[in-house]
Amino acid sequence: MAVTAEVQTNSQQKPIKSLGNRQAGFGAIEMIVVLIIVIGLLALAASRWDALFGSNESAEEISNVNMLMAGTKNLKTSSGYGAAGTNLVPGLIKANAVPKNMTVVSGVLYNIWGGSITVVSTGTGFTVTSSTIPEGNCLTLSTKLARGGIYSTKINAGTTIIGEVTQSAATTGCSSATSNSVTWTSNT
C-alpha cells in the first residue's frame, strides 16, 4: 500500500514576513535609557566623592594615631617619658614605631593632609598633636579617638575634653575648613 502526498502551491499566497523585522538586542530608545541611568549614577558618585573617600582618609589617620600612641607607650621607662617637653618622635623613628604610610621628613612626621604631627612628653604621659586637618576629618578624628579616662582631647584652641567628645563639641571645635589641629593627651 503506497501513500502519496500531494503538495499544492498557491502562487497567490503572501510570503511569511521575514524574521528581520523582529527586534533583537538594544534599540535606540533602550540605549538612551541606559545612558541616562549611567550618567545619573556617575553624577551621584561625583557628588559623594568626598564622603566615599574622605572616610578612608579619616580611618587611615585614626589607625596612624593609634599606632603612634601604642608605639609611644612602648618608649615609657620606669620614670615616664623623659622631661616634659621632650620630643619623642626620634625615639619612635628609631624604634620603627612610625606607621609605614606616614611621611617622615628630617625627623618630622606628617599626616595624610600634609600637616605636621608631634609627639611630646608631659613627664608621666605624652601628647600627640596632628595639624592641618580638614573640617570633616577633624570631626571624625576628634569623636572616634576619644577614650574615656585614658586620653583627653583638645580641638584647636578649645578647652580640653576628658572622655567622650560629642558631635556637638566636635562641630564647635573643628571651626576651620582646612587647618584644624587636634591634640590627644595620654595620662599613662
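Here are some notes:
- Assessment of the range 64-83 against the conditions (modelled with pLDDT under 90 and at positive phi) yields no matching residue.
- Scan of the range 147-176 for residues that are out of contact with any strand residue (DSSP E or B) (no Cβ under 8 Å at 6 or more places or on another chain), of a type outside the set (Val, Ile, Thr) and more than 21 Å from Asn187 (Cα to Cα), ordered by number: Gln167, Ser168, Ser175, Ser176
- Checklist (1) modelled with pLDDT under 85; (2) within 30 Å of Thr188 (Cα to Cα); (3) among the small types (Gly, Ala, Ser) applied to Gly54, failing item: (2)
- Qualifying residues in the range 100-122 (those that are within 17 Å of Ser186 (Cβ to Cβ) and out of contact with any Phe, Trp or Tyr (no Cβ under 8 Å at 6 or more places or on another chain)) - the one surrounded by the fewest Cβ atoms within 10 Å (Cβ to Cβ): Thr118
- Of the residues making up the range 120-157, those that are modelled with pLDDT of 90 or more and either part of a loop (DSSP other than H, G, I, E, B) or acidic (Asp, Glu) (or both) are Thr122, Gly123, Thr124, Gly125, Pro134, Glu135, Asn156, Ala157.
- When we screen Ile162, Ile155 for residues that are buried (at least 17 other Cβ atoms within 10 Å of the Cβ) and over 23 Å from Val98 (Cβ atoms), the only hit is Ile155.
- Hey, Thr188 of a type in the set (S, T, N, Q), assigned to a loop (DSSP other than H, G, I, E, B) and in contact with a Ser or Thr (Cβ under 9 Å, 6 or more places away or on another chain) or not: yes
- Being free of Cβ contacts under 8 Å to residues at least 60 places away in the same chain, within 18 Å of Glu61 (Cα to Cα) and out of contact with any strand residue (DSSP E or B) (no Cβ under 8 Å at 6 or more places or on another chain) is a property that holds for Asn96.
- The single residue among Thr178, Thr132, Thr140 that is in contact (Cβ under 8 Å) with a residue 40 or more places away in the chain, within 16 Å of Ile112 (Cα to Cα) and in contact with a Gly (Cβ under 6 Å, 6 or more places away or on another chain) turns out to be Thr132.
- Counted residues, the range 130-161 - those being closer than 15 Å to Glu60 by Cβ and of a type in the set (A, V, I, L, M, F, W, C): 4
The values are calculated or read from the model by the stated rules, or taken from the named source; none is laboratory data. No experiment lies behind these values; they were computed from the predicted model shown. No Cβ is skipped: glycine too gets one built from the backbone with ideal geometry, and neighbour counts run over all protein chains shown.
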